[in-house]
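To keep things clear, I will list the structure first and then write my remarks on it.
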Amino acid sequence: MINGDDLKAMRNQAGITQAQMASKLSCDRKTIINYELGVGEPKMGQLFKWLVICRVDIKPLTSQITKIREKIDSE
């Protein structure tokens with residue numbers, strides 16, 4: 001599970017400030033602070049955007065999801 005420390009580490013590794021992340025996610029800086037403190041959690045869409053913004057390779061995850069969906073659809 002990804003927690004606030006993970007979100008902060010990814011953001012810092014990417015060289016993105018809290019204000020920049022807030023702008024990219026269309027929220028305010030306090031929201032980013034809360035996510036990183038574990039006070040709140042980003043919605044799924046925001047989490048995926050966070051990963052993309054921080055240049056985390058999500059292709060393995062999306063590939064696995066596609067395989068699961070195709071298996072269910074073929075049953």
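The values are calculated or read from the model by the stated rules, or taken from the named source; none is laboratory data. Because the structure is predicted, anything quoted here is derived from the model rather than measured. Cβ placement follows ideal geometry from the backbone for every residue including glycine, while neighbour counts extend to all protein chains displayed.
Within the range 38-50, the set of residues being in contact with a Leu (Cβ under 8 Å, 6 or more places away or on another chain) and either in a helix (DSSP H, G or I) or over 18 Å from residue 5 (Cβ atoms) (or both) comprises 46, 49, 50. Name the single residue that is modelled with the highest pLDDT among those in the range 38-50 being among the hydrophobic types (A, V, I, L, M, F, W, C) and exposed (fewer than 14 other Cβ atoms within 10 Å of the Cβ). Looking at residues that are among the hydrophobic types (A, V, I, L, M, F, W, C) and exposed (fewer than 14 other Cβ atoms within 10 Å of the Cβ), I get 39.
Condition check ((1) touching a residue at least 60 places away in the same chain (Cβ under 8 Å); (2) in a loop (DSSP other than H, G, I, E, B); (3) surrounded by 11 or more Cβ atoms within 10 Å (Cβ to Cβ); (4) not charged (D, E, K, R)) across all residues:
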site: 10; (1), (2), (3), (4): no, no, yes, yes
site: 23; (1), (2), (3), (4): no, no, yes, yes
site: 32; (1), (2), (3), (4): no, no, yes, yes
site: 36; (1), (2), (3), (4): no, no, yes, no
site: 52; (1), (2), (3), (4): no, no, yes, yes
site: 56; (1), (2), (3), (4): no, yes, yes, yes
site: 61; (1), (2), (3), (4): no, no, yes, yes
site: 66; (1), (2), (3), (4): no, no, no, yes
site: 71; (1), (2), (3), (4): no, no, no, no
